[in-house]
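See structure below.
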Amino acid sequence: MADADRILVRLEEGPGSVTVHLDGGESLTVAPDALPANLPAIGGSLGSPLVHELRAAAARKLAARDLLALLDRKRWTTVRLRERLLGRGHPETAVEAVLLQAERQGLHADRDFADAFCRDALRHKQVGRMWLESRLRQKGIDAGLAADVAARHLPSDREHEVALEAAASRWRREGAADARALGRVQRFLISRGFPCAMANRAARATQPADSACNSDAEGPS
């Protein structure tokens, strides 16, 4: 429907919303604070710019409803929320507006998502900082933010402790403690996101005392 002049038929107030009924059967539900201050009295005429403003406000209201429903179920990154809302047919301008508003109101932030992800991951997995960063980037977190959050949750000294724990756990699964087993433990730690040097130190530091390895057969470094 084109943005021609319209007649305001009636206003209907609801919980957290106002529905504007126009002639021709069009109804636009907006947030109370999005109701234009220059809205005419019942029976008055709305010009094209005012009709456009109301339609944009109604689009934001619908996008906000779906956004809150998504956030009520679990945490999301901004990238994934944007994808979901656009996939549901919401206009891009409405999606960007409600995402910004949600962040301003403290309802959503990528940093909060990243913090929660790191806490949960470290509670259940023995992983290094690079593993955390990689997973956060895969989920749509900016690389700089991912690095900052991962470093706060896993500073170098703590990362070394976790590497030792992961190495000790892996050694218990090995059937031998020779040079080949040492190499497997090292590669396992690297695959979990620990730096190569840290992985090598942790693997050797936790190697069983009855190891058959010696100084000239320590495996890959």
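The values are calculated or read from the model by the stated rules, or taken from the named source; none is laboratory data. Model, not experiment: these values are computed from the prediction. When we count neighbours, we look across all protein chains shown, and the Cβ atoms used for this are built from the backbone with ideal geometry, even at glycine. Note: accessible area is taken over every heavy atom of the protein model, side chains too, but ligands, DNA and RNA are not part of it. Shrake-Rupley method; radii C 1.70, N 1.55, O 1.52, S 1.80 Å.
Points worth noting:
- All positions within the stretch 172-205 that are modelled with pLDDT of 95 or more, open to solvent by 20 Å² or more (accessible area, probe 1.4 Å) and not in a helix (DSSP H, G or I): R192, P195
- Residue check, A146 out of contact with any Asp or Glu (no Cβ under 7 Å at 6 or more places or on another chain), among the aliphatic types (A, V, I, L, M) and modelled with pLDDT of 95 or more: no
- Any chance A58 is touching a strand residue (DSSP E or B) at 6+ places or on another chain (Cβ under 6 Å) and not hydroxyl-bearing (S, T, Y): yes
- Of the residues contained in the stretch 137-155, one or more are found to be within 30 Å of A209 (Cα to Cα), of a type outside the set (F, W, Y) and surrounded by 13 or more Cβ atoms within 10 Å (Cβ to Cβ).
- First in the stretch 82-94 and among the hydrophobic types (A, V, I, L, M, F, W, C), second anywhere and open to solvent by 60 Å² or more (accessible area, probe 1.4 Å), Cβ under 7 Å, 6 or more apart: L86/E92; A94/R60
- Residue match in the stretch 122-140 (condition: touching a Lys or Arg at 6+ places or on another chain (Cβ under 7 Å) and acidic (D, E)): no
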